[in-house]
Amino acid sequence: YVCRIFKRETGENLQDYIVRRKLEEAVLLLPERKVGEVSDLLSFSSHSYFIKLFKQKYGATPFQYQKK
């Protein structure tokens, strides 16, 4: 029920919103922490899942992003 209300009010799926916010936070944490640590801090189910989602959103892996 909460998911339907959230979608109606924001136009965004609740799960998509949570993942988007986690990835935005990851961008802030990556310059000062290791990729695995960021993944753990943000409670992703696995490091590979975090890397996959990050690459989909930003077009680069977290490792590539750190090097920039």
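Whenever a residue of segment 28-54 is closer than 15 Å to GLN64 by Cβ, its partners that are among the polar types (S, T, N, Q) and open to solvent by 40 Å² or more (accessible area, probe 1.4 Å), lying with C-beta atoms within less than 6 angstrom and at least six residues away or across chains, give the pairs LEU30/GLN66.
Residue-by-condition table, conditions (1) among the hydroxyl-bearing types (Ser, Thr, Tyr); (2) open to solvent by 60 Å² or more (accessible area, probe 1.4 Å); (3) assigned to a helix (DSSP H, G or I):
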{"position": "TYR17", "(1), (2), (3)": "yes, yes, yes"}
{"position": "ARG21", "(1), (2), (3)": "no, yes, yes"}
{"position": "LEU28", "(1), (2), (3)": "no, yes, yes"}
{"position": "GLU32", "(1), (2), (3)": "no, yes, no"}
{"position": "VAL38", "(1), (2), (3)": "no, no, yes"}
{"position": "PHE50", "(1), (2), (3)": "no, no, yes"}
{"position": "PHE54", "(1), (2), (3)": "no, no, yes"}
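Residue count for segment 4-21 under the criterion of being within 26 Å of HIS47 (Cα to Cα) and either out of contact with any helix residue (DSSP H, G or I) (no Cβ under 8 Å at 6 or more places or on another chain) or not aliphatic (A, V, I, L, M) (or both): the result is 8. Among the residues here, PHE63 qualifies as touching a residue at least 24 places away in the same chain (Cβ under 8 Å) and either exposed (fewer than 14 other Cβ atoms within 10 Å of the Cβ) or under 15 Å from the mean Cα position of the chain (by Cα) (or both). Taking residues in segment 1-18 that are over 23 Å from LYS57 (Cβ atoms), and partners anywhere that are surrounded by 11 or more Cβ atoms within 10 Å (Cβ to Cβ), the pairs with Cβ atoms closer than 8 Å and at least 6 places apart or on different chains are VAL2/LEU14.
The values are calculated or read from the model by the stated rules, or taken from the named source; none is laboratory data. Remember, predicted model here, so these are calculated numbers, not experimental data. For neighbour counting, all protein chains shown are included, and Cβ atoms are generated from backbone atoms with ideal geometry for every residue, glycine included. Each accessible area value is taken on the protein alone, full model and side chains, heavy atoms only, with ligands, DNA and RNA left out. Shrake-Rupley method; radii C 1.70, N 1.55, O 1.52, S 1.80 Å.
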